[in-house]
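A.B. asks: What follows is a single structure, and I will ask about it in a moment.
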Amino acid sequence: MAGLVSLGYLYQPHISSGRVPSCQGYRMYINKLMEKKPLPVEERNLINGILSTSSTDPESLFKSTVSVLSDITGLACVITAPPDGKSKVRDIKFVQVSRHSAMIVIITSSGMIKNKLFRCEYDLNSDILHMFSEILNQKFRGKSLDVITPEFMNFLVDGNKELSFLLMPVIGVLIKASEEACEVAIKIKGQKNLLSIPDIDPETVINIFNFIENKEKLLDVLNLTEYGIKFSIGEENIYTELQNASVASTRYSIGDKSGVIAVIGPTRMNYSKIASQLQYISALVGVLLERMLEK
């Protein structure tokens, strides 16, 4: 023990406490000693059942992914959708909700779906909504999402007062939906799990909570993830909020795009098991997303 302490692999947090692994010790374990074991059949069946029943659209799949991952790891979990800025418009649909309101639905070439509700002063009917769909699909189908700008929409209705009046309520929500689709969407689940972990002190929990709420910092960390399982332990993390925490992350792929799945928790976590869970779930998410695209 004394030798491991002198080499920096163990340390004593408090005078009255025992020795625990340092960040260097955990790194040695992960790089040299850790063995990844396949997930038990029961756990694979649980994951398969939950995610397969949520494969109707990407957003519901992402929600289910972080939900099941946070349940089986007992940690905070994050997933990012592939950036959609260069994806193209596959279809624009309208669904009537009431006499004066309807939902606009944008379906992209990557399978992502964005919808927004809009209201208008005139009476809506199926003919008007069909006209909207025909006009917008004629202009935008097959084009990149980032061409749906206020300037282009103004050009679209320029000189046609009647069309401008009808489309005015639609233009704002269409632009907003396309902007949101271009952003990197993040789903987070399981932060409260950290409150029940005895190995993590309240200050570390607060720091992790604050870090997760900062989308810019969170994406900075997740964007460093490559294919394969990546662990950032304690002081290896680029932000001070994670100096007493660990981040395990990996990428899933869909065509030429990818997203990130990550777990955030204390430095004392079951690295081997989490690596197996991330590897299995990331592969399954990629497969399910590919199936959605085919449909």
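The values are calculated or read from the model by the stated rules, or taken from the named source; none is laboratory data. Treat the numbers as computed from the prediction; the structure is a model and nothing was measured. Counting neighbours? That spans all protein chains shown, and the Cβs are built from the backbone with ideal geometry, glycine included. Surface areas here come from the heavy atoms of the whole protein model, side chains and all, with no ligands, DNA or RNA. Shrake-Rupley method; radii C 1.70, N 1.55, O 1.52, S 1.80 Å.
A.B. asks: For the range 68-109, which positions are open to solvent by 40 Å² or more (accessible area, probe 1.4 Å) and among the hydroxyl-bearing types (Ser, Thr, Tyr)?
C.D. replies: Within the range 68-109, Ser98, Ser109 qualify.
A.B. asks: Name the residue, out of Ser249, Ser276, Ser282, Ser253, that is open to solvent by 40 Å² or more (accessible area, probe 1.4 Å) and of a type in the set (Ser, Thr, Tyr). Before the answer, list the steps.
C.D. replies: On the way: Ser249 fails: open to solvent by 40 Å² or more (accessible area, probe 1.4 Å); Ser276 fails: open to solvent by 40 Å² or more (accessible area, probe 1.4 Å); Ser282 fails: open to solvent by 40 Å² or more (accessible area, probe 1.4 Å).
Exactly one of Ser249, Ser276, Ser282, Ser253 is open to solvent by 40 Å² or more (accessible area, probe 1.4 Å) and of a type in the set (Ser, Thr, Tyr), namely Ser253.
A.B. asks: Separate question: Of everything in the range 256-267, what is in a strand (DSSP E or B) and open to solvent by 20 Å² or more (accessible area, probe 1.4 Å)? Give them in sequence order. Walk me through how you get there before you give the answer.
C.D. replies: To start, the set of residues in the range 256-267 that are in a strand (DSSP E or B) comprises 257-266.
Within the range 256-267, Lys257, Ser258 meet the criteria.
A.B. asks: Collect the residues in the range 120-138 that are under 30 Å from the mean Cα position of the chain (by Cα) and either open to solvent by 40 Å² or more (accessible area, probe 1.4 Å) or not small (Gly, Ala, Ser) (or both), keeping them in residue-number order. Please lay out each step first, then the result.
C.D. replies: Here is the first cut: in the range 120-138, the ones under 30 Å from the mean Cα position of the chain (by Cα) are 133, 136-137.
Within the range 120-138, Leu136, Asn137 meet the criteria.
A.B. asks: Among the listed residues Lys161, Lys187, which satisfies the condition of being open to solvent by 90 Å² or more (accessible area, probe 1.4 Å), among the basic types (Lys, Arg) and either out of contact with any His (no Cβ under 6 Å at 6 or more places or on another chain) or modelled with pLDDT of 80 or more (or both)?
C.D. replies: Among Lys161, Lys187, only Lys161 is open to solvent by 90 Å² or more (accessible area, probe 1.4 Å), among the basic types (Lys, Arg) and either out of contact with any His (no Cβ under 6 Å at 6 or more places or on another chain) or modelled with pLDDT of 80 or more (or both).
A.B. asks: Which of the residues that make up the range 204-223 are touching a residue at least 12 places away in the same chain (Cβ under 8 Å), open to solvent by 70 Å² or more (accessible area, probe 1.4 Å) and out of contact with any strand residue (DSSP E or B) (no Cβ under 7 Å at 6 or more places or on another chain)?
C.D. replies: Those that are touching a residue at least 12 places away in the same chain (Cβ under 8 Å), open to solvent by 70 Å² or more (accessible area, probe 1.4 Å) and out of contact with any strand residue (DSSP E or B) (no Cβ under 7 Å at 6 or more places or on another chain): Asn210, Asn223.
A.B. asks: Open to solvent by 40 Å² or more (accessible area, probe 1.4 Å) and farther than 16 Å from Met292 by Cβ: is that true of Glu59 in this structure? If you could, list the steps in order and put the result at the bottom.
C.D. replies: Numbers: open to solvent by 40 Å² or more (accessible area, probe 1.4 Å): yes; farther than 16 Å from Met292 by Cβ: no.
No.
A.B. asks: Between a first residue in the range 225-246 that is crowded, with 18+ Cβ neighbours inside 10 Å and a second residue that is assigned to a loop (DSSP other than H, G, I, E, B) and among the hydrophobic types (A, V, I, L, M, F, W, C), which pairs have beta carbons less than 7 Å apart while being 6 or more apart in sequence or on different chains?
C.D. replies: Going by the 7 Å Cβ cut-off, the qualifying pairs are Ser246/Met269.
A.B. asks: Can I ask one more? Only one residue in Lys273, Lys257 is more than 20 Å from the chain's Cα centre (by Cα) and charged (D, E, K, R). Which one?
C.D. replies: On the way: Lys257 fails: more than 20 Å from the chain's Cα centre (by Cα).
The conditions single out Lys273.
A.B. asks: Output the helices (runs of 4 or more DSSP H) that fall wholly within the range 143-222 and possess 1 or more residues being over 23 Å from Thr250 (Cβ atoms) and more than 19 Å from the chain's Cα centre (by Cα), or say none. If you could, list the steps in order and put the result at the bottom.
C.D. replies: Working: elements: 150-157, 161-182, 202-213, 215-222.
The qualifying helices (runs of 4 or more DSSP H) are 150-157, 161-182, 202-213.
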